[in-house]
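Working notes, structure below.
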Amino acid sequence: MSNINESTLMLCDLVKHCVNGIIVLDKQYNVLIWNQWMEDHSNIPADKILNQSLFDYIPQLAGGRLQQVIDNSLSKGMSAFLSQTLSKNPFPLKNPRSPFEEIKQSISIKPLNTDHEENYCYIHINDVSPAVKREHRLRELTANAQFEQKTAEEVADMKSNFVAMVSHELRTPMTSVLGSLGLVKGLLGNELPENVQSLINIAHTNTERLIALINDILDIEKITSGGIELNYETFDLMLFLNEAINANMGYAERQKVSFKLTEFPQTTLLSADFAKLQQVMNNLLSNAAKHEPKEGFIEISAQRIQEKVRISVKDHGPGIPEKFKNEIFDKFSQADNSSTRNIKGTGLGLAIAKAIVEKHEGEIGFISTLGEGAKFYIELPLNLSTQ
Amino acid sequence: MEVLNDLQNDVLTETFNLGMGAAASALSQMVEEEVKLSVPELLFMSKSEAAETIASQTVKNVTGVSQDFNGSVGGQALLLFPSHKSLELVRLLLKDAVPMDQLTEFEEEALSEIGNIILNSGLASLAHMFGEEIKTGLPVFIQGTTTEIFHENTEELNETEIILFLRVDFHVEKYSIDGYITIILDVRSVQILKHNIDRYLKRVGIC
């Protein structure tokens, strides 16, 4: 002991005050080092356990995996690692500040050789309790998030199925009501008193509107649940625009407005679902017709922009209020939400149009200044060769 | 690469199979589930061939455990799994109720312990066959592409190093997971390995 120099003393101090547990055993499992951390966390003072067999002093450690790896270290020179997850914290250690709290342990075991070729076993215990708590918390949060996500998905599915089912069940009787009212109007219209005729007309118009709403709900549910397949075909852009204009001409005439095709590119072939895009155009044209002042005209134009085609529909109506701009493509969204609104519609048309255009990998948007009308446009990729 | 003759190869494979048997028994006890381990294939190859072999049989990212060892033969032993398989293995053994996207800190620790048990058992059976001591270092968790792992771990070694490549079949419940043990040896260690296998064969009276 006379050769102990300053660095050895420093090392001893370092081991004593290390913030992890340090134990050194000899070949007979006698404890040669039991540092301060071990004293604090095991409640076993060093002077009690030193030079005693570890397994005699703490019998519950004998015969388990810890003894196995200590044996392998002492006799075969093998190092081992015991994780807190698999080896379940073998040392009976408690938190000195909270005596009921067990210390979660990660343990490294290494053979230690000296110049005298005597074999020793070095045991290093790392307190991983705070990290275990963090991981448990993380798992709890993940489990909650997974549960909430699953519940939200189930609720959304249920809601969507419910809406689709109810709408489907409503459509059949409503079609029958509409048919009957149509027959009454057609066959007995002139024979009925004027006030009854008026009531039947109201019933007929509102039934038509209800059926349109049901159809829109069924459409949007089908589109948003990914249930629609596009039926791609190649067609000429001009033919497409003319068809859309013709289909809406009657409505425009009733609204006392007209359509004007102001600009269109040379022959351009589009590859898309003709019928679905007609539905989009019907929506844009009928919306424009609704908002266009009487005797006004709606400008329809088409341009080629690189590998895309842009179709625009411009009206000269009141324009879109600023606060409504962000939600215009949302379901059941209408600028005038009051019960007495002037413009009739289901509030689903633009949401459906957006879904159809996006299914085509295209884009829908608008430019509008309040009081100066609105210009809606759709941009579609030109998938096939153009002339 | 033919380093050992068929008989030497068989002896070495069986030695590792004994080691895997011991490891499987230790693991079974720990997880209270029957774990089976076997070595169906043992080959010698260069480090680049080893990286290519693992990459060709699996996705490029691997996860595993590395351990240094020394004694009459010295080198580095690695237990590697395709990264997604390592997740599967740890979860099977730990019976995790809430699976996360990647290994958590404690799953990494658990994998280190599993790797430590398997590599120690393999090297201990080798030491037993040699009749000599092989000392092992502490396990280190590793993750990366096969090229990164072999480059990083073999950078300082010379061109003559050889990889002892073992495919390990891991069976837990009804699942089967393939892993690889690669032991990086220098030429001197390979010669000692051959010499020790021959000595063992003489001792048991086969040659």
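The values are calculated or read from the model by the stated rules, or taken from the named source; none is laboratory data. If you're wondering where the values come from, they're calculated on a predicted model, not measured in any experiment. All Cβ positions, even for glycine, are placed from backbone atoms using ideal geometry, and neighbour counts span all protein chains on display.
Being closer than 21 Å to A:Thr114 by Cα and in contact with a Lys or Arg (Cβ under 9 Å, 6 or more places away or on another chain) is the filter here; which residues of the stretch A:35-64 pass it?
Once the filter is applied, which keeps residues that are closer than 21 Å to A:Thr114 by Cα and in contact with a Lys or Arg (Cβ under 9 Å, 6 or more places away or on another chain), the stretch A:35-64 yields only A:Asn35.
Any chance the stretch A:35-54 includes a residue that's closer than 26 Å to B:Gln29 by Cβ and within 14 Å of chain B (Cβ to nearest Cβ)?
no
Does B:Gly144 qualify as being on the phi > 0 side of the Ramachandran plot, more than 12 Å from chain A (Cβ to nearest Cβ) and either touching a strand residue (DSSP E or B) at 6+ places or on another chain (Cβ under 6 Å) or at pLDDT 85 or above (or both)?
Yes.
Of the residues that make up the stretch B:103-125, is at least one away from chain A (no Cβ under 14 Å) and in a helix (DSSP H, G or I)?
No.
Could you say which residue among A:Met10, A:Met38 is modelled with pLDDT of 95 or more and outside any strand (DSSP E or B)?
Result of the check over A:Met10, A:Met38: A:Met38.
Could you tell me which of the residues A:Leu239, A:Leu218, A:Leu178 is part of a helix (DSSP H, G or I), aliphatic (A, V, I, L, M), modelled with pLDDT of 90 or more and closer than 25 Å to A:Glu361 by Cα?
A:Leu239
State all residues of the stretch A:142-180 that are more than 14 Å from every other protein chain (Cβ to nearest Cβ) and within 14 Å of the chain's Cα centre (by Cα); if no residue qualifies, say none.
Listed by number, the residues that qualify are A:Thr151, A:Ala152, A:Glu153, A:Glu154, A:Ala156.
For the stretch A:206-215, state whether one or more residues are in a helix (DSSP H, G or I) and without any contact (Cβ under 8 Å) to a residue 12 or more places away in the chain.
yes
Taking A:Ile223 as meeting all but one of (1) under 31 Å from the mean Cα position of the chain (by Cα); (2) outside any helix (DSSP H, G or I); (3) not aromatic (Phe, Trp, Tyr), write down the number of the exception.
(2)
Please identify the pairs in which a residue from the stretch A:123-144 that is within 19 Å of A:Phe100 (Cβ to Cβ) has its Cβ atom under 8 Å from the Cβ atom of a residue that is of a type in the set (Ser, Thr, Tyr) and part of a strand (DSSP E or B), counting only partners at least 6 apart or on another chain.
Close Cβ pairs satisfying both conditions: A:Val128/A:Ser106.
Looking only at the stretch B:8-19, count every residue that is touching a helix residue (DSSP H, G or I) at 6+ places or on another chain (Cβ under 7 Å) and over 13 Å from B:Val190 (Cα atoms) and tell me the total.
Residues flagged as touching a helix residue (DSSP H, G or I) at 6+ places or on another chain (Cβ under 7 Å) and over 13 Å from B:Val190 (Cα atoms) within the stretch B:8-19 amount to 5.
On the basis of being crowded, with 24+ Cβ neighbours inside 10 Å, of a type in the set (Phe, Trp, Tyr) and on the phi < 0 side of the Ramachandran plot, does B:Phe44 make the cut?
Against the criterion (crowded, with 24+ Cβ neighbours inside 10 Å, of a type in the set (Phe, Trp, Tyr) and on the phi < 0 side of the Ramachandran plot), B:Phe44 does not qualify.
Report yes if A:Lys104 is modelled with pLDDT of 90 or more, within 40 Å of the chain's Cα centre (by Cα) and within 12 Å of another protein chain (Cβ to nearest Cβ), otherwise no.
Here the answer is yes, as A:Lys104 does meet what is asked.
Tell me, yes or no, whether the stretch A:47-54 has at least one residue that is within 30 Å of B:Asp68 (Cα to Cα) and touching a residue at least 40 places away in the same chain (Cβ under 8 Å).
There is no residue in the stretch A:47-54 that is within 30 Å of B:Asp68 (Cα to Cα) and touching a residue at least 40 places away in the same chain (Cβ under 8 Å).
Suppose the filter is under 26 Å from B:Arg203 (Cβ atoms), more than 7 Å from every other protein chain (Cβ to nearest Cβ) and part of a helix (DSSP H, G or I); does B:His128 pass it?
In short, yes.
Run down A:Lys94, A:Lys110 and say which single residue is among the basic types (Lys, Arg), within 10 Å of chain B (Cβ to nearest Cβ) and in contact (Cβ under 8 Å) with a residue 12 or more places away in the chain.
A:Lys110
Tell me which residues, restricted to the stretch A:98-151, are under 24 Å from A:Lys16 (Cα atoms), surrounded by fewer than 16 Cβ atoms within 10 Å (Cβ to Cβ) and of a type in the set (Val, Ile, Thr).
A:Thr114
Among the residues of the stretch A:186-214, which ones are farther than 28 Å from A:Asn283 by Cα and not acidic (Asp, Glu)?
Within the stretch A:186-214, A:Gly186, A:Leu187, A:Leu188, A:Gly189, A:Asn190, A:Leu192, A:Pro193, A:Asn195, A:Val196, A:Gln197, A:Ser198, A:Leu199 meet the criteria.
Of the numbered conditions (1) under 23 Å from B:Leu89 (Cβ atoms); (2) without any contact (Cβ under 8 Å) to a residue 12 or more places away in the chain, B:Gln57 satisfies every one except a single condition; which is it?
So B:Gln57 meets the others, but not (2).
Of all residues in the stretch A:66-84 being facing another protein chain (nearest Cβ under 7 Å) and either assigned to a loop (DSSP other than H, G, I, E, B) or within 50 Å of the chain's Cα centre (by Cα) (or both), which is modelled with the lowest pLDDT?
A:Gln84
Does the stretch A:6-19 include one or more residues that are within 46 Å of the chain's Cα centre (by Cα) and away from every other protein chain (no Cβ under 14 Å)?
Looking through the stretch A:6-19, at least one residue is within 46 Å of the chain's Cα centre (by Cα) and away from every other protein chain (no Cβ under 14 Å).
Could you pull out the residue among A:Lys276, A:Lys290, A:Lys294 that is outside any helix (DSSP H, G or I) and of a type outside the set (A, V, I, L, M)?
Sole residue among the options that is outside any helix (DSSP H, G or I) and of a type outside the set (A, V, I, L, M): A:Lys294.
Could you please give the count of residues in the stretch B:168-189 that are at pLDDT 90 or above and outside any strand (DSSP E or B)?
0
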